[in-house]
Amino acid sequence: VQLQASGGGLVQAGGFLRLSCKASGINFGISAMNWHRQAPGKERELVASISQDRNTSYADSVKGRFAISRDNVKRMVYLQMNSLKPEETAVYYCNSQYWGRNYWGKGTLVTVSS
């Protein structure tokens, strides 16, 4: 199983990034795919989710600014992040959930400068 997240980097406040996650070794088509983040000294939090039916949900703090999407053919999930804030500096993790299984990738670092 591999969930390879990419697209992180340094961006100024108000800027945007698009994260990508390439999945292998999982039943991607039936998996709920999620993005979580963990800021320094804080607990990991759920940012966005997309179901196998492409129903989406978001943390209140990112609604209207972030958008999650998936491409089942390419086995990819994306997170478009707009109007980024310095407090959103964190490692962003891709997560897969199905049949009671829970898989994690290694994460990609997003740094938002003020």
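The values are calculated or read from the model by the stated rules, or taken from the named source; none is laboratory data. Owing to the predicted nature of the structure, the values given are computational and were not obtained by experimental measurement. Here Cβ is always computed from backbone atoms with ideal geometry, including for glycine, and neighbour counts include all displayed protein chains. Please note that ligands, DNA and RNA were not included when accessible areas were found on the heavy atoms of the full protein model with its side chains. Shrake-Rupley method; radii C 1.70, N 1.55, O 1.52, S 1.80 Å.
Structure values in brief
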quantity	calculated
The chain - charge dipole about Cα centre, Lys and Arg +1 at Cβ, Asp and Glu -1, debye rounded to 20	260
Environment charge of VAL110, counting only residues whose C-beta is closer than 15 Å and scoring Lys/Arg +1, Asp/Glu -1	+4
More than 17 Å apart - percent of Cα-Cα pairs taken over the chain	49
Gaussian network model of the chain, Cα within-10 Å springs - most flexible of LEU19, LEU46, LEU79	LEU46
Heavy-atom accessible surface of the stretch 40-114: percent carbon and sulfur, 1.4 Å	48
Surface/4 estimate of mean projected area, convex hull on alpha-carbon atoms of the stretch 60-114, nm²	4.9
1.4 Å probe accessible area per residue over the chain, in Å²	53
Estimated FRET transfer efficiency (TRP99, GLU43; beta-carbon r; R0 22 Å; 0.05)	0.30
